[in-house]
Amino acid sequence: MIEPVMPTYARIELDFERGEGASLYTADGRRYLDFGSGIAVTLLGHSHPALVKAVQDQAGKLWHVSNLYQIEGQKKLARKLTDNTFADTVFFCNSGAEAMEGCIKTARKYHSANGHPERYRIITFEGAFHGRTLATMAAGGQEKILAGFGPKTDGFDQAPFGDLKAAEALIGPETAAILIEPVQGEGGIREADRAFLTGLRQLCDKHGLLLLMDEVQTGMGRTGKLFAHQWTDIAPDVMGVAKGIGGGFPLGAFLATEEAAKGMTAGTHGTTYGGNLLAMAAGNAVADVVLADGFMDRVNEVASRFKQGLAAIVDRYPGVVEGIRGKGLLLGLKCVVPNGEVVTAMREQHLLTVPAGDNVVRLLPPLTVTDEELEKGLEAIESACAHLAEKAGAS
Ligand code: PLP
C-alpha cells in the first residue's frame, strides 16, 4: 500500500529534531556532524542566531502579501546582489528549478524582444543538473531523470562538458543561449576550467547568445567567492541561484543584466510566493553574514585546511578514495569503492555527506564550520576510510 508521503525518495532511517551549527541531533540525543548541509542549503549551519532572529522578528509582523504590492526586503536583497555581481536586476522565486526556468525564459524573451522569436534553443552540457521541472529536466538531459515523463521538452542541445568545439558546432540560427554550471554539483563536483568558461563567453559574444549560469549549488559563497564564476574574469548575462541563498528557507532568484532582462516587462513572469516577506528576512540575513568583511577570507582559509586534511587521507587510503575536487567548501572525494558505501561508512561515524555522480562523495560543511567541527569531520572521514580499507583488504 502506498504511503501517505509519496515514495519518490529513498530516505535514510534518521529523523532529526534539532540542529546547531554543523550538528544535528535526533530525538534520542544522537549527534551527527552535518557536512551535507541539506544538499548545499544550510549555508550558515543550523539555528544561526542572526537567521533565527530575522525570521522570528518577521514572523511576528507579516509573512506574505504577494507581488501585487511593494516588498522592501526584495529591494534590499536585490541591491545587495546587484552591488556585488554583474547583474542589474533580480527576480525572486522559491527554488532552484524555478530559478533556472526563469533563466531559460529570460533568454528566450530576450531574443523575442529583439525580433527573433525563432531563437529559443539552449546549449547545455552532459552531466548537468538544472532541476526537475519539464524544461529543466530537458536542460539537464539525463536519461534516468527524463524516463517515463513523456516527450522531452524541446529546445535543448547538449555538448560534452569541457568541449568548446562541440558546443560551437551546435550553434545554429535558432540558438538563444548557452547554459552551464561553473562547477557541476550533482554531476560530481566537476569544475569547468577557466579557458572553457572564457571560450563560452567568447562564443556567446561572437554569435549574439546569452550566457546563462546555474549557480544554484555553487552560489552565495559556497566556493569561496560570492559566486563561482567570480574566480574567472568572465560573467554571465543571466544567473540562477537558490539553495544557500535562503540558508534553509526556500528561496531562489535569477539575476540578469539590464540588456538581458529587456523582455522581462510587467506581466511576462510571476510567482505567488516568490520573495515573500519571510523569505526576504532569511535572504537578507544570510547575505549580511556572507558579505561581512572577512567572512569569505575565513571560508577560504578553512577550505584550504580541509583540503589539506583530505589530501592526507587520500594518500593513506588509495584503495578507497583517489582524489579531491572542487573549490571552497564545495568539495568532492572521488571514490575507488562505490560512493554509496563511502557515504554509509561516514554516516556510521556520525558524519553526514551527500553522494554525487561520477562516483563522488560531496562534502559541503556550512561556511560557518568551526575548527573543532572540521577536525571532527576529518577524523570521521579518516575512520570511515580505514574501515573500508580494512573491509576491502579482508575480502
Ligand atoms: N541547479 C543545480 C545546479 C542544482 O544543484 C539543483 C538542485 O540540486 C537545481 C538546479 C534544482 O534546485 P531545486 O531542487 O531547488 O529545484
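The values are calculated or read from the model by the stated rules, or taken from the named source; none is laboratory data. None of these values were measured; they are calculated from a predicted model. Quick reminder, even Gly has a Cβ in these numbers, built from the backbone with ideal geometry, and neighbours come from all protein chains shown. Just so you know, the surface numbers come from the protein's heavy atoms only, side chains and all, with ligands and any DNA or RNA stripped out. Shrake-Rupley method; radii C 1.70, N 1.55, O 1.52, S 1.80 Å.
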Discussion item. List the residue pairs whose Cβ atoms are under 6 Å apart, where the first residue sits in segment 74-97 and is within 27 Å of residue 133 (Cα to Cα), the second is within 16 Å of the ligand (Cβ to nearest atom) and aromatic (Phe, Trp, Tyr), and the two are 6 or more positions apart or on different chains.
Written reply: 74/92; 91/254; 94/273
Worksheet, complete the sentence: Matching residues in segment 339-395 (assigned to a loop (DSSP other than H, G, I, E, B) and crowded, with 23+ Cβ neighbours inside 10 Å) number 6
Fill in: Criterion: modelled with pLDDT of 95 or more, closer than 30 Å to residue 283 by Cα and buried (at least 16 other Cβ atoms within 10 Å of the Cβ) - qualifying residue of 159, 78
78
Worksheet item: Just to be sure, is residue 162 of a type in the set (Gly, Ala, Ser), within 30 Å of residue 336 (Cα to Cα), without any contact (Cβ under 8 Å) to a residue 60 or more places away in the chain and more than 11 Å from the ligand (Cβ to nearest atom)?
Response: yes
Item to complete: Filter segment 58-94 down to the residues that are in contact with a helix residue (DSSP H, G or I) (Cβ under 9 Å, 6 or more places away or on another chain) and small (Gly, Ala, Ser), then identify the one that is nearest to the ligand (Cβ to nearest atom).
Response: 87
Worksheet item: Can you pull out the residues in segment 174-214 that are away from the ligand (no atom under 11 Å from the Cβ) and under 18 Å from residue 101 (Cα atoms)?
Response: 175, 176, 177, 178, 209, 210, 211, 212
Worksheet item: Checking residue 32 against (1) crowded, with 19+ Cβ neighbours inside 10 Å; (2) part of a helix (DSSP H, G or I); (3) hydroxyl-bearing (Ser, Thr, Tyr), which single condition isn't satisfied?
Response: (2)
Response to the item:
Picked from segment 260-288 (must be assigned to a helix (DSSP H, G or I) and away from the ligand (no atom under 16 Å from the Cβ)), the residue most open to solvent (accessible area, probe 1.4 Å) is 288
Item to complete: Can you tell me which residue within segment 210-259, out of those that are open to solvent by 10 Å² or more (accessible area, probe 1.4 Å), part of a loop (DSSP other than H, G, I, E, B) and out of contact with any helix residue (DSSP H, G or I) (no Cβ under 9 Å at 6 or more places or on another chain), is nearest to residue 86 (Cα to Cα)?
Response: 257
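Only one of these is part of a loop (DSSP other than H, G, I, E, B) and within 29 Å of residue 329 (Cβ to Cβ): 81, 44. Name it.
On the way: 81 fails: part of a loop (DSSP other than H, G, I, E, B).
So the residue among 81, 44 that is part of a loop (DSSP other than H, G, I, E, B) and within 29 Å of residue 329 (Cβ to Cβ) is 44.
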Response to the item:
The residue that is farthest from residue 364 (Cα to Cα), considering only those in segment 310-338 that are surrounded by fewer than 16 Cβ atoms within 10 Å (Cβ to Cβ) and touching a Leu at 6+ places or on another chain (Cβ under 9 Å), is 319
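Taking the conditions exactly as written (more than 11 Å from the ligand (Cβ to nearest atom) and without any contact (Cβ under 8 Å) to a residue 60 or more places away in the chain), does residue 257 satisfy them or not? Break it down stepwise before answering.
Numbers: more than 11 Å from the ligand (Cβ to nearest atom): yes; without any contact (Cβ under 8 Å) to a residue 60 or more places away in the chain: no.
Answer is no for this residue.
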Response to the item:
Across (1) of a type in the set (Phe, Trp, Tyr); (2) under 21 Å from residue 251 (Cα atoms); (3) open to solvent by less than 40 Å² (accessible area, probe 1.4 Å), residue 69 clears everything bar (3)
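In this structure, does residue 18 turn out to be more than 16 Å from the ligand (Cβ to nearest atom), over 25 Å from residue 219 (Cα atoms) and not hydrophobic (A, V, I, L, M, F, W, C)? Write out each step before concluding.
Values: more than 16 Å from the ligand (Cβ to nearest atom): yes; over 25 Å from residue 219 (Cα atoms): yes; not hydrophobic (A, V, I, L, M, F, W, C): yes.
In short, yes.
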Discussion item. For residue 318, only one of the following conditions fails: (1) part of a loop (DSSP other than H, G, I, E, B); (2) within 17 Å of residue 36 (Cα to Cα); (3) without any contact (Cβ under 8 Å) to a residue 24 or more places away in the chain. What is its number?
Written reply: (2)
Worksheet, complete the sentence: Checked pairs for segment 105-134, first closer than 24 Å to residue 190 by Cβ and open to solvent by less than 50 Å² (accessible area, probe 1.4 Å), second of a type in the set (Ser, Thr, Tyr) and more than 12 Å from the ligand (Cβ to nearest atom), C-beta under 7 Å and 6 or more apart or across chains, list as 121/175; 123/175
